[in-house]
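Comments concern the structure below.
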Amino acid sequence: MLFVRSLLFNVAFYANLALWLIILIPAFLVPRRMFIALVQIWARSSLWLLRVLAGTKIEIRGAEKIPPGGALVAAKHQSFWETFALVTIFDDPTFILKRELMWIPFFGWYLRKARCVPVNRKAGSQALVQMTARAKEEAQHGRQIIIFPEGTRRPPGAPAAYKYGVAHLYQNLGFPCIPVGLNSGLYWPRRQFIRRPGTIRVEILDPIAPGLRREEFFRRMQDAIEESSDRLLTEGRRELGLGDSPPTPATSASNI
């Protein structure tokens, strides 16, 4: 049954995505804010398919903590799920993402229309300068800049591997940072076909005000996200009948 429901959802999800890639073609002519609203409708339709076909619901905790206007959003990254689901939580979001995604036909064009912030990972320190300038411009227009501080998807319970790019952004944007914990990797595992029924939980944590020193911010952000995600992981494992989560290995951080 799990296989059949996962199959039905995956077929419907990608068919819905293909349909919206076509529907959005005329949206190149509308203002960006209206375009974001249409993308949010697509994201909600995908969450509806996930709930109806795979039996996977979503619970958002702490949404009232989201401050109005521009912000830096630092989210745990366990699954493809949060790359579209987080769009439905914030008012006017955009993503920091690797530049190569912008080159994909249709999909990359829409990322440009949404004014996502590309990162050229081969540009070294210059990449941080360019990324920060673009992100600051968007935040000053009241947008929420979503970044996955670990840079790539990490399996639930894997050692933390946060990169310091998020601290550079925090120091230079001058906006609050909103840490986000989640347990999506239990229900939509990376590189797997299965979609498990249950409740994906997302926790919006207390915003970190601008002005902290780099190391203090980095520690507070990482500790908040990891504590929340570990707790949500334990809840999810109990819901799935997997028992308590195993101890998380010591955290680590990259200088990139």
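The values are calculated or read from the model by the stated rules, or taken from the named source; none is laboratory data. Being a predicted model, the structure only gives us computed values, none of them experimental. With ideal geometry, Cβ positions are generated from the backbone for all residues, glycine too; neighbour counts draw on all protein chains shown.
Listing for the model above:
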{"item": "Among the residues listed as P149, P179, P189, P210, the single one being in contact with a Leu (Cβ under 7 Å, 6 or more places away or on another chain), outside any helix (DSSP H, G or I), modelled with pLDDT of 95 or more and not aromatic (F, W, Y)", "result": "P179"}
{"item": "Among residues of segment 14-27, those that are in contact with a helix residue (DSSP H, G or I) (Cβ under 6 Å, 6 or more places away or on another chain) and farther than 30 Å from F193 by Cα, counted", "result": "1"}
{"item": "Selection status of V119, over 26 Å from R44 (Cβ atoms), modelled with pLDDT under 95, β-branched (V, I, T) and in contact with a Lys or Arg (Cβ under 6 Å, 6 or more places away or on another chain)", "result": "yes"}
{"item": "Helices (runs of 4 or more DSSP H) (entirely within segment 1-90) containing at least 2 residues that are within 17 Å of the chain's Cα centre (by Cα), within 22 Å of R134 (Cβ to Cβ) and at pLDDT 95 or above", "result": "32-49, 82-85"}
{"item": "Selection count where residues are out of contact with any helix residue (DSSP H, G or I) (no Cβ under 7 Å at 6 or more places or on another chain) and assigned to a strand (DSSP E or B), scope segment 192-207", "result": "1"}
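Residues are listed down the side, and each one gets a yes or a no for (1) touching a helix residue (DSSP H, G or I) at 6+ places or on another chain (Cβ under 7 Å); (2) among the basic types (K, R); (3) crowded, with 19+ Cβ neighbours inside 10 Å:
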| site | (1), (2), (3) |
| --- | --- |
| M131 | no, no, yes |
| Q140 | no, no, no |
| I146 | yes, no, yes |
| K163 | no, yes, no |
| Y170 | yes, no, yes |
| G174 | no, no, no |
